[in-house]
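Comments concern the structure below.
The values are calculated or read from the model by the stated rules, or taken from the named source; none is laboratory data. Bear in mind that the values here come from a model prediction, so they are computed numbers and not experimental data. Every residue, glycine as well, gets a Cβ built from its backbone with ideal geometry; the counts of neighbours run over all protein chains shown.
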Amino acid sequence: MIVARSIEEVRRAVVGARGEGRRVGFAPTMGALHDGHLALVEASKRSCGFSVVSIFVNPTQFASPSGAAAYPRDEERDAALLEGAGTDLVWLPDAAQVYPPEFATWVTVDERLTGVLCGAPERRGPDHFRGVTTIVAKLFNVVEPDAAFFGRKDAQQALIVQRMARDLDFPIEIELVPTVREADGLALSSRNAGLSGDERKRAAAIYAGLSKAEELAAEGATDATTLVEAVGAELRRAGLEPEYVEVRHADDLTAASTTGERPILLAVAVMVGDTRLIDNVLIGGDDR
Ligand code: AMP
């Protein structure tokens, strides 16, 4: 596995791989890797002969420098996991090279997508996604992959990246990977490490609620409030108060009052102690 730090090293390695006729797959991450990230690498390896992973805790998507500073980091462990998964190149960008002095250019996707759910002004705000799309665009411009892999766990982020790639003509296939979960359904997340034993147990209510809603939908419930209420009830049983539980059309994130015609996203965010967790399920769509 090649360990690259500079943009030049990455470009050289990718040009070499492409010269050998290998398709280039790319999965951007912020490190503190788990099996959810490794599922992206597996998907990348299934369709590409050269798999690239970046690890970069992107400061521009955090509300404050302290948020980025507190994010868990373990370069050595991450590199070992990636090597074990068959990654060909890991890129650990140098923040000073990514964001040089006088950095002044941003990629923004319309607030119809970035100003709802997690991007609502009273939550993380649309600037969070401006940070995401700016770094993803920059990483795409360096790696120039044929395909890039994103997790459905962050469904809003995945949709925003797909829209950016389409609108700005990035010649990159954006592939979405199903959410990897613990045995009790909790979505794997680097943030789960921040949960106490008791919080970890209560966090299982998030997916329990989403599953209950899926069941109701399968039995014929079409009213969005019924689904939202099913999730809310599970959360409250575990002593959790959601930041939001919302039903939105999966392709454009407009609010949905009923399910049926179009695939819908049932999305939830909840503070469990000091840890903010998100999860979602797709109802009436093909999430494979
Ligand atoms: P992060 O390191 O949290 O920025 O995540 C990097 C990528 O991994 C994103 O595309 C996430 O959606 C994806 N990811 C994170 N957790 C999971 C999971 N449990 N299952 C599948 N993909 C995930």
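Annotation note: of LEU235, LEU253, LEU240, the sole residue that is over 25 Å from ASN192 (Cβ atoms) and at pLDDT 95 or above is LEU253. Counting the residues of segment 95-135 that are loosely packed, with under 12 Cβ neighbours inside 10 Å, on the phi < 0 side of the Ramachandran plot and part of a loop (DSSP other than H, G, I, E, B) gives 8.
Quick one: which residue in GLU219, GLU215, GLU234, GLU229 is away from the ligand (no atom under 16 Å from the Cβ), crowded, with 18+ Cβ neighbours inside 10 Å, among the acidic types (Asp, Glu) and more than 22 Å from the chain's Cα centre (by Cα)?
Values: GLU219 fails: crowded, with 18+ Cβ neighbours inside 10 Å; GLU215 fails: crowded, with 18+ Cβ neighbours inside 10 Å; GLU229 fails: crowded, with 18+ Cβ neighbours inside 10 Å.
Being away from the ligand (no atom under 16 Å from the Cβ), crowded, with 18+ Cβ neighbours inside 10 Å, among the acidic types (Asp, Glu) and more than 22 Å from the chain's Cα centre (by Cα) holds for just one of GLU219, GLU215, GLU234, GLU229, which is GLU234.
Applying a threshold of 9 Å to beta carbon distances and a minimum spacing of six or more residues, or different chains, the list of pairs starting in segment 20-38 at a residue that is of a type in the set (Val, Ile, Thr) and ending at one that is outside any strand (DSSP E or B) and near the ligand (Cβ under 7 Å from one of its atoms) reads THR29/HIS37; THR29/LEU40; THR29/SER190. What are the residue pairs meeting all of these: first residue in segment 129-143, first residue of a type in the set (S, T, N, Q), second residue assigned to a helix (DSSP H, G or I) and surrounded by fewer than 21 Cβ atoms within 10 Å (Cβ to Cβ), Cβ atoms under 7 Å, and 6 or more apart or on different chains? Pairs that qualify, where the first residue is of a type in the set (S, T, N, Q) and the partner is assigned to a helix (DSSP H, G or I) and surrounded by fewer than 21 Cβ atoms within 10 Å (Cβ to Cβ), are THR134/THR60. Residues in segment 139-176 that are away from the ligand (no atom under 15 Å from the Cβ) and farther than 15 Å from ASP252 by Cα: ASN141, VAL142, GLU144, ASP146, LEU168, ASP169, PHE170, PRO171. Number of residues in segment 45-72 that are surrounded by 15 or more Cβ atoms within 10 Å (Cβ to Cβ) and closer than 21 Å to VAL10 by Cβ equals 15. Looking at segment 78-98, can you tell me whether even one residue there is touching a residue at least 12 places away in the same chain (Cβ under 8 Å), closer than 14 Å to VAL132 by Cβ, touching a helix residue (DSSP H, G or I) at 6+ places or on another chain (Cβ under 8 Å) and of a type outside the set (Lys, Arg)? The answer is yes; a qualifying residue exists.
Yes/no per residue for (1) among the hydroxyl-bearing types (Ser, Thr, Tyr); (2) out of contact with any Pro (no Cβ under 8 Å at 6 or more places or on another chain):
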{"residue": "ILE172", "(1), (2)": "no, no"}
{"residue": "GLU175", "(1), (2)": "no, yes"}
{"residue": "SER190", "(1), (2)": "yes, no"}
{"residue": "ALA193", "(1), (2)": "no, no"}
{"residue": "ILE206", "(1), (2)": "no, yes"}
{"residue": "GLU219", "(1), (2)": "no, yes"}
{"residue": "ALA224", "(1), (2)": "no, yes"}
{"residue": "LEU235", "(1), (2)": "no, no"}
{"residue": "GLU243", "(1), (2)": "no, yes"}
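Considering segment 1-94, the qualifying strands (runs of 3 or more DSSP E), each wholly inside and each with 2 or more residues that are within 14 Å of the ligand (Cβ to nearest atom), within 28 Å of ALA187 (Cα to Cα) and modelled with pLDDT of 95 or more, run over 24-29, 50-55, 89-91. Say we look at segment 181-198 and pick out the residues that are in a loop (DSSP other than H, G, I, E, B) and more than 10 Å from the ligand (Cβ to nearest atom); which of these is farthest from the chain's Cα centre (by Cα)? If we take residues in segment 181-198 being in a loop (DSSP other than H, G, I, E, B) and more than 10 Å from the ligand (Cβ to nearest atom), then SER196 is farthest from the chain's Cα centre (by Cα). Within segment 163-180, residues that are touching a residue at least 12 places away in the same chain (Cβ under 8 Å) and part of a strand (DSSP E or B) sit with their Cβ atoms under 9 Å from residues that are β-branched (Val, Ile, Thr) and surrounded by 16 or more Cβ atoms within 10 Å (Cβ to Cβ), at 6+ positions apart or across chains, in these pairs: ILE174/VAL161. Among the residues of segment 247-268, those identified as assigned to a strand (DSSP E or B) and surrounded by fewer than 21 Cβ atoms within 10 Å (Cβ to Cβ) are HIS249, ALA255, THR258.
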